[in-house]
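Every number in this text was worked out from the coordinates using simple rules, so none of it is lab data. Note that the coordinates shown come from a computational prediction; the quantities given were computed from them, not determined experimentally. For neighbour counting, all protein chains shown are included, and Cβ atoms are generated from backbone atoms with ideal geometry for every residue, glycine included.
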């Protein structure tokens with residue numbers, strides 16, 4: 001392990017990485033907390049505004065147990081969300097899948113999944129606050145939970161629709177155990193748009209927050225089962241098995257997780273919305289969507305880096 005780390009340091013010093021690659025590696029290390037502290041100090045007034053807006057997002061009684069689950073265990077069980085929005089999201093997602101899959105090679109993605117829709121700071125796709133993919137992430141219950149988890153109004157850094165598929169290859173990338181490094185703390189909303197009722201459909205699988213603390217790795221960001229279960233027991237693992245429209249929140253920066261380990265002939269369609277705190281630890285971040293109309297200060301903050 002020491003040789004691998006030393007090799008990476010030599011590559012950094014020899015200039016084999018670009019500045020953005022170096023920043024990504026820094027932000028995957030404990031140094032990301034220093035980066036966050038610096039950018040937060042540079043945007044001190046904005047940070048205060050985010051925290052001031054907390055008082056305008058009051059919790060409801062039914063939120064308390066979910067918030068406690070998220071803080072202590074690192075995830076929630078199935079969320080009860082707006083049924084009308086859930087059905088709209090499901091219909092729009094299935095239509096998008098059916099239309100884009102007809103194009104075959106035009107779909108961007110990886111061997112284990114196709115990226116059917118992605119709105120990020122840099123992708124340039126035209127999506128606005130009226131899209132169901134944005135409105136779903138910004139429904140009142142989700143905004144309340146993520147805001148009170150962070151202790152401030154956060155930033156919706158992207159929304160994503162992925163069509164997972166069987167690759168016939170060894171487990172790779174997100175099929176291996178990993179944490180997310182979008183920021184120092186990351187909350188993701190996941191929604192199944194097709195049934196994921198057994199292991200053949202590649203359920204999102206996680207290790208709770210307390211057990212994840214017992215796993216450390218400085219030489220790899222994606223870990224195999226053998227390494228994980230040399231550190232923890234299998235009782236710490238949770239498979240999120242739900243029918244279509246099953247939704248849950250996960251602190252993916254603190255909980256090791258993996259998914260998309262599908263059996264032959266099976267597929268899975270899943271929506272993801274990613275929330276982080278202001279300001280981001282990556283430079284030149286732009287809005288993930290176009291804000292066409294007038295919005296209240298909370299929505300404005302959620303959609304503006």
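For this structure, a couple of remarks:
- Computed over the chain: relative contact order in percent, which uses C-alpha pairs under 8 Å that are six or more apart: 29 percent
- Listed values (i) 1.28; (ii) 1.05; (iii) 1.00, entry calculated as Cα Rg over 2.2 N^0.38 Å: (iii)
- Converting the Cα gyration tensor eigenvalues of region 213-287 into ellipsoid dimensions via √(5λ) gives semi-axes, longest first, of 25, 22, 13 Å.
- Neighbour-count ranking [beta-carbon atoms within 10 angstrom, fewest first] of 66, 59: 59, 66
- Working from Cα pairs under 8 Å separated by at least six residues, relative contact order for region 108-253 is 29 percent.
- Of 43, 169, 239, the one that fluctuates the most in a GNM where the chain has Cα springs shorter than 10 Å: 169
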